[in-house]
1. Starting from the Kirkwood Rh over alpha-carbon pairs, what translational D in µm² s⁻¹ does the chain have by Stokes-Einstein at 4 °C and 1.567 mPa s?
2. With everything on Cα atoms, drop me the angle between helix 122-134 and the longest principal axis of the chain, reported from 0 to 90° to the nearest 10.
3. Taking 0.36 nm per residue of separation and subtracting the Cα-Cα distance, what length does fully extending V59 through R159 add?
4. Mind jotting down the distance between the C-alpha centroids of the stretch 7-79 and the stretch 128-156, whole Å?
5. Which one, F106, I154, A60, projects farthest toward the positive side of the charge dipole computed for the stretch 6-167 from Cβ point charges (K/R +1, D/E -1)?
6. Between helix 16-31 and the chain, what is the angle of the helix's C-alpha long axis to the longest principal axis, kept within 0 to 90° and rounded to the nearest 10?
7. What percent antiparallel are the DSSP beta bridges of the chain, to the nearest 5?
8. If the elastic network links every pair of Cα atoms under 10 Å, which of G82, G105, G52 fluctuates the most in the Gaussian network model of the chain?
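Derivation of every value follows stated rules applied to the coordinates shown; laboratory data play no part. From a predicted model like this one, the values you see are computed outputs, not experimental measurements. Please note: Cβ atoms are built from the backbone with ideal geometry, for glycine as well, and neighbour counts cover all protein chains shown.
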Amino acid sequence: MSTSKNLLLVSSSGGKNFNLASNLKDIVDSKFHLMTKLINLELYELPLYMPGIDSDNKVAKELSCEFENADAFIFCAPEYNGGSPPILTNAITWISLSTDNWRDGFNGKLALIGTNSGGDGLRFLSSFRSQLEYMGTIVFPKTISVNKKIEFNIDSAERTLQSLIDLL
């Protein structure tokens, strides 16, 4: 396994999904020895994007660099109203505005989607997959889902991560 590949773990919050992302990072760090970085989108103080807003935003450019430097992603976010949480959609919008080509942060990169939601999170997993694919990301077919009825399964997570990393 080459250590030159960079895996960016992106949590939409500092709560349950950050814990999920942290657990996944621990597995990757202990078993696969990739270059990993975990970010919490709550710590990036991005304004709400609206048409006409000045798109020259220093924080957005910093976040965009993280995405451009990654070879693969693991996204962990809950389902919000049957879709993606607003903070994740806003971050993706800013990233697409802060690169030379709007897909530069995503195009041709691998992604795994995980969720810790109140329900099964299937609408988030489906809608976010569609959005990432539109951005040019190759989305891994298996997902990681945790909720009140389904606990984090380390063995299953390890197998899923192994499959993702084999593709890198």
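1. Numbers: Rh = 16.0 Å.
Estimated diffusion coefficient is 81 µm²/s.
2. Taking Cα atoms only, the helix is inclined about 60 degrees.
3. Values: separation 100, 0.36 × 100 = 36.00 nm, distance 3.49 nm.
32.5 nm is the gain from fully extending V59 to R159.
4. Comparing the Cα centres of the stretch 128-156 and the stretch 7-79, I get a distance of 15 Å.
5. Checking the options against the dipole of the stretch 6-167, the answer is I154.
6. Taking the Cα atoms of the chain, the angle to 16-31 is about 60 degrees.
7. Working: 1 of 22 bridges.
Close to 5 percent.
8. Evaluated over the chain, the most mobile residue of the options is G52.
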